[in-house]
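What follows is a short report on a single structure.
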Amino acid sequence: MSFPWLTAIGVLPLVGAGVLMLLRGESRWLSRQLALVFSLISLAGVLVLAVTFDVADAGTVQFVEQHSWIGSLGVSYALGANGISMVMLLLATALTPVCVLASWHVAGDDPAKVREYFAFLLAAESFMLGVFMAQDLFMFYMFFEAMLIPMYFLLGRFGGPNGKAAAMKFLLFSLTGGLIMLAGVIAIGLASIGAPDPATGVRSLSPDAFLLSSLTGLDLGQTAERWIFVSFFIAFAVKAPMWPVHTWLPDAAEAAPPAISVLLVGVMDKIGTYGMIALCLPLFPEASKWAAPVIAALAVVSIIYGGLVAIAQRDLRRLIAFTSVSHFGFIVLGIFAMTSTSSSGAVLYMLNHGFSTAALFAVCAMLMARFGTARIGQYGGIQRVTPLLAGLFLVAGLSSLALPGLSSFISEFLVLAGTFARYPVAAALGTSGLVLSAVYILLTYQRMTTGPARSGFDDAPDLSAREKWVLGPVIAVIIALGIFPKPVLDLINPAVATTMTVTGVSDPSFVIEGAGQ
């Protein structure tokens, strides 16, 4: 395909951000409409790519764009997408219009703040898309760090009373992880320096030294590979977030407008787990296998810890954040179990968690708009007042606890079944997360929606037309992926198979006593 589709899709939201910042006048309506239009065009572009994507060859990188960029450093402008990348692009571009619609009144009546808010939102989308498309390690790192800027301002400028503190904590955690990863990137660059030139005796980087395809199979030496793997994994664990480097997330989720939490937890945090499967495994195969048992143990701790702490939360936003810590534990467990079933389940989980979390945060935003609080104890009986909103809250919650027939069930089943083949104890302990999720979701739903309606809640309106457009498509995707996930798995499976081959792992074989008798 000659047209640079990936460049166009990645740049378009950034162009939209620039147009919004250049607007003058008092039209808040125009700023919101432009943000929605740019986000929908980006989604349409990714859908075009998805239709033309060769599913049978989803394990290879397609729509490749490659040009020399900083030749002296071996940096290329290289974009592409395999099956896993396509799933992440679909997630990011599908949730951004949801964020725009859910943010319709977040920035208040100040036209300048409205423009600024939606400009930062679109810029964040652009940098996230860049991460998922980058086929050069240096480019990946640039996008990985650049997305912190708009997210910092969205938290600090538009968060609640603790928004600035939460934004600073988010920035410090993310920058620390990023700087540790930068040390690994530099180490890879040094390892890529070729032999001295016969004429000049000068050693230099090849023009494509940081291309992921060139780095796959690079002999770093056992010790160096393990240290570089650790540097990358720490950065991705912070982003994911995993226990014990998760503490920035609940503060950020509580301070941020819920619509920004959709972008933060639904998309940005997936970059951590995406980096684990797209970079750590193929670039550092020996180190990945060496670290896998420890990481699997940390993932199990995240599952159980996130679930237990979620039960104790009194703020709905913090509860959703801690449920995500638990869910990301499942994703990481699936990745480092290193079986085809668990890895496919982990990638599918990234997609499904994005939509179920988006639905929960969107419901939270609508509740706060009506009742002015996210404190669980201040609610009661809302199903009598807003039955449609309460019903969709239930569907979103049931998806989060992996009810059969909804999207997350397939993901968790694949992760646990695949993990059991490699780490049966970890899989058995991980199943406790299913019980904990039922507790924190159903108890919260019971406390907030059942019983008599609280005083002052009687005249609250049910869902508006705009709010139906926010929740309706998300719930439809949750149900569709729960019933028929095959099209997405057809994208994921070949890419996972390629990753396993490059990593040098194969599925364990079972010998079941008495089988065949």
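Tabulated data for the structure shown
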{"quantity": "Residue selected from segment 16-33 under the condition open to solvent by less than 70 Å² (accessible area, probe 1.4 Å) and without any contact (Cβ under 8 Å) to a residue 24 or more places away in the chain, by the criterion nearest to Asp109 (Cα to Cα)", "calculated": "Leu30"}
{"quantity": "Residue selected from segment 239-255 under the condition open to solvent by 10 Å² or more (accessible area, probe 1.4 Å) and closer than 21 Å to Ile335 by Cα, by the criterion farthest from the chain's Cα centre (by Cα)", "calculated": "Pro244"}
{"quantity": "Qualifying residue in segment 448-460 (condition: at pLDDT 90 or above and over 24 Å from the mean Cα position of the chain (by Cα))", "calculated": "yes"}
{"quantity": "Test: residue in segment 485-503 that is surrounded by fewer than 18 Cβ atoms within 10 Å (Cβ to Cβ) and either of a type in the set (Phe, Trp, Tyr) or outside any helix (DSSP H, G or I) (or both)", "calculated": "no"}
{"quantity": "Among (1) at pLDDT below 90; (2) within 30 Å of Thr498 (Cα to Cα), the one test that Val11 misses", "calculated": "(1)"}
{"quantity": "Single residue of Val425, Val415, Val363 found to be open to solvent by less than 10 Å² (accessible area, probe 1.4 Å), within 27 Å of Lys289 (Cα to Cα) and assigned to a helix (DSSP H, G or I)", "calculated": "Val415"}
{"quantity": "Test set (1) touching a Phe, Trp or Tyr at 6+ places or on another chain (Cβ under 9 Å); (2) of a type in the set (Gly, Ala, Ser); (3) exposed (fewer than 15 other Cβ atoms within 10 Å of the Cβ) - Gly160 fails condition number", "calculated": "(1)"}
{"quantity": "Looking only at segment 80-94, and only at residues there that are touching a Leu at 6+ places or on another chain (Cβ under 7 Å) and assigned to a helix (DSSP H, G or I), the one that is most open to solvent (accessible area, probe 1.4 Å)", "calculated": "Ala94"}
{"quantity": "Some residue of segment 55-71 being over 17 Å from Ala278 (Cβ atoms) and within 20 Å of the chain's Cα centre (by Cα)", "calculated": "no"}
{"quantity": "Selection status of Gly433, out of contact with any His (no Cβ under 7 Å at 6 or more places or on another chain) and open to solvent by 30 Å² or more (accessible area, probe 1.4 Å)", "calculated": "no"}
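This table checks each residue for (1) crowded, with 16+ Cβ neighbours inside 10 Å; (2) touching a residue at least 24 places away in the same chain (Cβ under 8 Å).
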residue	(1), (2)
Ala35	yes, yes
Ser42	yes, yes
Gly45	yes, yes
Leu49	yes, yes
Asp54	no, no
Gly59	yes, yes
Glu65	yes, yes
Leu73	no, yes
Ala78	yes, yes
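Residue-wise test of (1) over 24 Å from Ile234 (Cα atoms); (2) within 15 Å of the chain's Cα centre (by Cα); (3) without any contact (Cβ under 8 Å) to a residue 40 or more places away in the chain.
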residue	(1), (2), (3)
Gly307	no, no, no
Ser324	no, yes, no
Ile335	no, yes, no
Thr341	yes, no, no
Ala346	no, yes, no
Ser356	yes, yes, no
Ala362	yes, no, no
Gly372	yes, no, yes
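The values are calculated or read from the model by the stated rules, or taken from the named source; none is laboratory data. A quick note: this is a predicted structure, and the numbers were derived from the prediction, not measured. Virtual Cβ from ideal backbone geometry, glycine too; neighbours counted across all protein chains shown. Accessible surface areas use protein heavy atoms only, side chains included; no ligands, DNA or RNA. Shrake-Rupley method; radii C 1.70, N 1.55, O 1.52, S 1.80 Å.
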